[in-house]
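Taking it in order: structure first as structure tokens, then the write-up.
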């Protein structure tokens, strides 16, 4: 059972946006998905509450109540787990997450603060794992093509010993869908065609 953790030490990096859409992608493919939220802000939990209002017509995504540092294996019948995490995760909570993680997605935006925080986080993860097999993947979030910030982000990510598995553009589609408890896979493909194309390499990495 794959456990995909979405983590970054900085708030506002796009963790919940990424986590909910990963869960939506897996659910649309027919998997039994649980979405857990380790963050005290419970952004993903709130998103699930909005999704529940839409009824059973959508692919099912179950919530996983992850209380404080008590992170254990989810119930039987679950095929895939996605974990949203808080900014600045460290210590016992990081230990608990790393024990069950198979893959970790690290979202970051094209800003100096995101880059600096992510650099330190990747270094800490590589020192922390102690031989654990956790695949790391970077995802550029809110990317605006043909900007200096985007160019600098591409240059920086090329220096890290972690693969870039996706580049997601800056669009209101994510904001509007999240407000209703939806993902890219819950609406007509023609409406989000460009975004689905950007997700193709990310989906391939998740399913590899």
Restricting the stretch 162-208 to residues that are closer than 30 Å to residue 127 by Cβ and part of a loop (DSSP other than H, G, I, E, B), the one modelled with the lowest pLDDT turns out to be 208
When every residue in the stretch 29-51 that is within 16 Å of residue 78 (Cβ to Cβ) and out of contact with any strand residue (DSSP E or B) (no Cβ under 6 Å at 6 or more places or on another chain) is compared, the one surrounded by the most Cβ atoms within 10 Å (Cβ to Cβ) is 32
When (1) touching a helix residue (DSSP H, G or I) at 6+ places or on another chain (Cβ under 8 Å); (2) modelled with pLDDT of 95 or more; (3) buried (at least 17 other Cβ atoms within 10 Å of the Cβ) are applied to residue 143, the one that fails is (2)
Within the stretch 105-123, the residues that are free of Cβ contacts under 8 Å to residues at least 24 places away in the same chain and either surrounded by 13 or more Cβ atoms within 10 Å (Cβ to Cβ) or part of a strand (DSSP E or B) (or both) are 116
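Conditions (1) closer than 17 Å to residue 161 by Cβ; (2) at pLDDT below 90, marked per residue:
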residue: 64; (1), (2): no, yes
residue: 67; (1), (2): no, yes
residue: 70; (1), (2): no, yes
residue: 95; (1), (2): no, yes
residue: 109; (1), (2): no, yes
residue: 115; (1), (2): yes, yes
residue: 121; (1), (2): yes, yes
residue: 125; (1), (2): yes, yes
residue: 138; (1), (2): yes, no
In the stretch 5-22, anything part of a loop (DSSP other than H, G, I, E, B) and either modelled with pLDDT of 95 or more or touching a strand residue (DSSP E or B) at 6+ places or on another chain (Cβ under 7 Å) (or both) is listed as 7, 8, 13, 14
Filtering the stretch 23-41 down to residues that are modelled with pLDDT under 90 and either within 23 Å of residue 169 (Cβ to Cβ) or touching a helix residue (DSSP H, G or I) at 6+ places or on another chain (Cβ under 9 Å) (or both) yields 36, 37, 38, 39, 41
Can we say residue 169 is on the phi > 0 side of the Ramachandran plot and touching a residue at least 24 places away in the same chain (Cβ under 8 Å)?
no
> Could you say whether any residue in the stretch 146-156 is outside any helix (DSSP H, G or I) and either under 29 Å from residue 46 (Cβ atoms) or in contact with a strand residue (DSSP E or B) (Cβ under 9 Å, 6 or more places away or on another chain) (or both)?
Replying inline: no
Self-check item: Condition check for residue 7: under 11 Å from the mean Cα position of the chain (by Cα), crowded, with 24+ Cβ neighbours inside 10 Å and within 16 Å of residue 185 (Cα to Cα)
Solution: no
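The values are calculated or read from the model by the stated rules, or taken from the named source; none is laboratory data. Predicted model only: the values in this text are computed from it and were never measured. Virtual Cβ from ideal backbone geometry, glycine too; neighbours counted across all protein chains shown.
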